Amino acid sequence: MGPETLLLIPCCADKVTGGRYLNKYYDELSKSVGQGCYDEMLSTRHEVLVNLLNNSMLRVGKGQKNNGLRQGVDFGGTDDSGKYLPAINRYCGTLYSVPGFKCALKKTIESADGPNILILSALYGPLHPLTEIQDYNLQMSDIPAHFWKVSFKKFLEDYIIKNKIKKIYLYLGASTKYLQIAKPAVTEFLNRGLINLGIQYHVINGSTYHTPHKHGLQMVSDLEHTSRPDGIEEIILKAK
């Protein structure tokens, strides 16, 4: 796995609360796509955020934390009162708790010849693991997140062209909206000859715990060249 490879992983529901105020905001993705594409991505983030904040059902219970969201520069706004953590530090669910997972990600990010890594978030859409984000609660199956179905594909196309990506690996649950958004885009790129290889890691008899856990083990294996976990099927996506 080299710079021509992109690994796609999901966000998670469990997040570290709080964070810090930022004097300056810098998004690694701003240099990974064209300015027009980045601006369109910010516009979609803003649209998802507004729809989230206008949905009272998503601001109660576990969604109470959404009341603290601010329309900061991360959403194309100017409110600097939000609290932030890098995505890799914010997410703390099953996938991100796999032993060695965060360490492998950080080492890969720092490497000049390692693969690219993107997180797919229900609120933020595409995220670099070091992108500073606020705390939130939103699932890709929630109505506001549906804007990413079209917008993420546009972003991903610009990303793979600019970064000369030829291989994409999907560490996304088979029954999740994350895969339903990413897989059709990858298949289309294969059809058009934009990439040469697409691989989906399918966890056999997976569950809400075992699927992200196995995907985390698989990713550590891919990045650290260690033995692969059992119970994962490698599905090669083909052009139609």
**Study point:** Under 5 Å, built H, 5+ apart or other chain: amide partners of ILE199
**Key:** ILE168, TYR169, LEU170, LEU237
Study note, to complete from the structure: Hits in the range 136-161: amide N under 19 Å from the 7 Å Cα→Cβ extension of GLN64, namely 136-139
Review point. Ignoring ligands, DNA and RNA, what percent of the 1.4 Å accessible area of the chain is carbon and sulfur?
Key: 50 percent
Point to revise | FRET E, pair VAL50, LYS164, Förster distance 35 Å, beta-carbon r, rounded to 0.05 | key: 0.50
Point to revise | For the range 180-190, Karplus couplings with θ = phi - 60° (6.51, -1.76, 1.60), whole Hz, Gly/Pro x | key: 5, 8, 7, 4, x, 5, 5, 4, 4, 5, 5
Point to revise | Accessible area per residue, Å², the chain with all protein chains present, probe 1.4 Å | key: 47 Å²
Review point. Considering only protein heavy atoms, what is the solvent-accessible area of MET57 at a probe of 1.4 Å, reported in Å² to the nearest 10?
Key: 140 Å²
Review point. Which is farthest toward the positive dipole end of the range 1-107 among GLY72, SER43, ALA87, measuring Cα position about the Cα centre, with Cβ charges +1 (Lys, Arg) and -1 (Asp, Glu)?
Key: ALA87
**Study point:** Loop-located GluC sites (Glu not before Pro) in the range 15-76 whose Cβ has at most 14 other Cβ within 10 Å (DSSP)
**Key:** none
Study note, to complete from the structure: Here the range 93-104 yields Karplus 3J(HN,Hα) values (6.51, -1.76, 1.60; θ = phi - 60°; whole Hz; Gly and Pro given as x) of x, 4, 4, 7, 9, 4, x, x, 5, 5, 5, 5
Practice item. Could you tell me which of the pairs LYS62/LYS83; LYS106/LYS164; LYS31/LYS153; LYS167/LYS240; LYS15/LYS106 are separated by over 20 angstrom between their Cα atoms in the structure shown? Key: LYS106/LYS164
Review point. How high is the relative contact order of the range 104-240, in percent, counting Cα pairs under 8 Å that sit 6 or more residues apart?
Key: 20 percent
Review point. So, in nm, how far is label ASP39 from label ALA13 when the simple model puts each one 7 Å beyond its Cα toward the Cβ?
Key: 3.8 nm
Point to revise | Within the range 120-173: Cβ-based charge dipole about Cα centre, in debye rounded to nearest 20 (Lys, Arg +1; Asp, Glu -1) | key: 460 debye
Review point. So how do 205-214, 125-134 stack up, highest first, on mean other-Cβ count within 10 Å?
Key: 125-134, 205-214
Check your understanding: Hey, what did the chain get for relative contact order, percent, Cα under 8 Å, at least 6 apart?
Key -> 27 percent
**Study point:** Solvent-accessible area of VAL60 with every protein chain in place, 1.4 Å probe, in Å² to the nearest 10
**Key:** 80 Å²
Check your understanding: Which value at 222 nm does the chain reach when only helices count, each DSSP H run of 4 or more adding -39,500 (n - 2.57), with the total divided by all residues and rounded to the nearest 500 deg cm²/dmol?
Key -> -10500 deg cm²/dmol
Check your understanding: Tell me which aspartates and glutamates have Cα within less than 12 Å of LYS162's Cα, excluding those fewer than 8 residues away on the same chain?
Key -> GLU4
**Study point:** Label point distance in nm, MET1-ILE236, each placed 7 Å from Cα along Cα→Cβ
**Key:** 1.9 nm
Check your understanding: Where the Cα atoms of the chain are projected onto their three principal axes, how long is each span, largest first, in whole Å?
Key -> 43, 36, 33
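The values are calculated or read from the model by the stated rules, or taken from the named source; none is laboratory data. Quick caveat: nothing in here was measured; it's all calculated off a predicted structure. Quick reminder, even Gly has a Cβ in these numbers, built from the backbone with ideal geometry, and neighbours come from all protein chains shown. Ligands, DNA and RNA are stripped out before the accessible areas are found, and what is left, the full protein with its side chains, is counted by its heavy atoms. Shrake-Rupley method; radii C 1.70, N 1.55, O 1.52, S 1.80 Å.
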